[in-house]
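Values in this text are rule-based calculations from the coordinates and carry no lab data. All figures in this text were calculated on a predicted structure; none of them were measured in a lab. Neighbour counts run over all protein chains shown; Cβ positions are idealised from the backbone, glycine included.
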Amino acid sequence: MTAYLGRRLAQALLQIWGAITIVFVALRVLPGDPAELILGSQATPEALDELRGTLGLDEPLLVQYATHMRDVVALDFGHSWRQNVSALDACLERLGPTLSLSAWAMVITIVLGFVAGSFAARRANTWADHLVSVSSLVGQALPPFWIGIMLSLIFARWLQILPSTADGTLGSLLLPAFTLALPFVGWLGRLVRTGILEEMNQDYVRTAHAKGMSHRVVFYIHVLRNTLVPVVTMLGLLMGYFIANGVIVEVIFAWPGIGSLLIDSITFRDYAVVEAVLTVITVCYILLNLLVDVLYVHLDPRIQLENA
C-alpha cells in the first residue's frame, strides 16, 4: 500500500506540474494586454509599462515561468486585480458552494441510479426494464443547459415553488443539483443493472441460495456489494466531473461557485485566479481518483494495490 501510494503521489505531482505549465503558457499566448485590461484603454504608455513591470510581464517568458513556479510551490498564485485579494483565497472562498452543489448532485445520482438499476435488474427483459433503459438514454442525450432551462422554467417560473437563482436556501440548491445529476442517473442505473445481472449468475449466488439464504439477503448483502467495485470507479470520476464541469449549471442558476468564477476570470484575463482555480480543480481530480483506488481494497480484498 505504501509503495503504491508513493507512486501515485509522484504521478500526482507530475500531473499538477503539467497542468500549471499548460495553463501558464495558454494564458500568455492569448491576444490582449492584461495591463490595458486593468488600467483601461485610456491609460498612458508610461502607466502601462509601469504595471507590466510590476506584474513581471516585461520579462522573458522563461523568466516569468521560473518565477511563477517558485511562487506556486509556496502556494502563492498572485493577486487578483479584480477582487483585490489573494487569488488562492478568492478560489477557496468559492470552492465551498461548488463542493456543496457537487455533493448534492452525487447523492441524487446515487439514490436514483441505484433505485432505477435495481428495479430494472430485478425485472430484466420486461417492459419495466425497457422503460428504464429508454429513459436513461434520453436523459444522457439531453444537454445540461437545456435541462437547466426547462427545470427553471417549470419549477421557478410556472409552478413558482423553487427559486431560479442562488439565494442561500436549500431550495435554491435543488434545481442546479438535479440539472447536474439527471444526465447521469440513467447512466448509473444501466451500470448498476449490468453489474447486478452479472453477479446474479455467479457461483457464490447459487451456493448461497442452496444454503437456504433468502433472495433478499443474497441480493442486498452480497450482490449489491460486489456490484459496487466497478460503480465506485465511475462515481469518483463523476464527482470530478461535477466539480470541474458544472460551469454551465452555475452560470444558468447564478450559483457562486468556482465555475462561474473561472468564466469571469478568463473574460477579464485575471491570470492569477484562473491558474488558482484550474490548479484546485486538478488537485480535486487527482485526490478523488486516489481515494477511489484505496476504496477498492475495502470493497474487494482480492485487489492488491501493491502490485498495481
By the C-alpha gyration tensor axes a ≥ b ≥ c (rounded if a/c is under 1.5, else prolate when a/b exceeds b/c, else oblate), the shape of the stretch 56-179 is prolate
On average over all directions, what projected area in square nanometres does the chain have, based on the convex hull of its Cα atoms?
21.0 nm²
Calc'd 3J(HN,Hα), the stretch 276-287, phi into Karplus 6.51 cos²θ - 1.76 cosθ + 1.60 (θ = phi - 60°), Hz, glycine/Pro = x, comes to 5, 5, 5, 5, 4, 4, 4, 4, 4, 4, 5, 5
The stretch 94-307 - charge dipole about Cα centre, Lys and Arg +1 at Cβ, Asp and Glu -1, debye rounded to 20:
720 debye
Mean projected area (nm²) from the convex hull of Cα positions in the stretch 111-194 is 5.8 nm²
Here the FRET efficiency for Leu159 versus Arg123, based on Cβ atoms and R0 = 45 Å and rounded to 0.05, is 0.90
Output for the stretch 68-118 (equivalent-ellipsoid semi-axes, sqrt of 5λ from the C-alpha gyration tensor, Å, descending) is 37, 13, 6
Determine ³J(HN,Hα), in whole Hz, for all residues of the stretch 118-123 in sequence, where each value follows from phi through the Karplus function 6.51 cos²θ - 1.76 cosθ + 1.60 and θ = phi - 60°; x replaces Gly and Pro.
5, 4, 5, 5, 6, 10
Cα-based radius of gyration of the stretch 139-260 once divided by 2.2 N^0.38 Å, which approximates compact folds:
1.42
Selection from Val218, Ile154, Phe184 lying farthest towards where the dipole of the stretch 151-240 points positive, charges on Cβ
Val218
Name the residue farthest towards the positive end of the dipole of the chain from the options Pro163, Val85, Ala116, assuming +1 on Cβ of Lys and Arg, -1 on Cβ of Asp and Glu, about the Cα centre.
Ala116
Percent of Cα-Cα distances greater than 15 Å, calculated over the stretch 2-88:
69 percent
At a Förster radius of 30 Å, what calculated FRET efficiency corresponds to the Cβ-Cβ distance of Asn201 and Asn245, to the nearest 0.05?
0.25
Which whole-number percentage describes the relative contact order of the chain, with Cα contacts under 8 Å and a sequence gap of 6 or more?
27 percent
Going by amide H atoms built from the backbone, whose H comes under 5 Å of the H on His79, apart from near neighbours?
Ala87
Name the long-range amide H neighbours of Phe253: under 5 Å, sequence gap of 5 or more, or other chain; modelled H, no Pro or chain starts.
none
Net length gained if the chain between Val29 and Val134 were fully extended (0.36 nm per residue, minus Cα distance)
33.2 nm
Using θ = phi - 60° and the Karplus curve 6.51 cos²θ - 1.76 cosθ + 1.60, what whole-Hz ³J(HN,Hα) does each residue of the stretch 100-114 get, with Gly and Pro shown as x?
5, 4, 5, 5, 5, 5, 5, 4, 4, 4, 5, 4, 5, x, 5
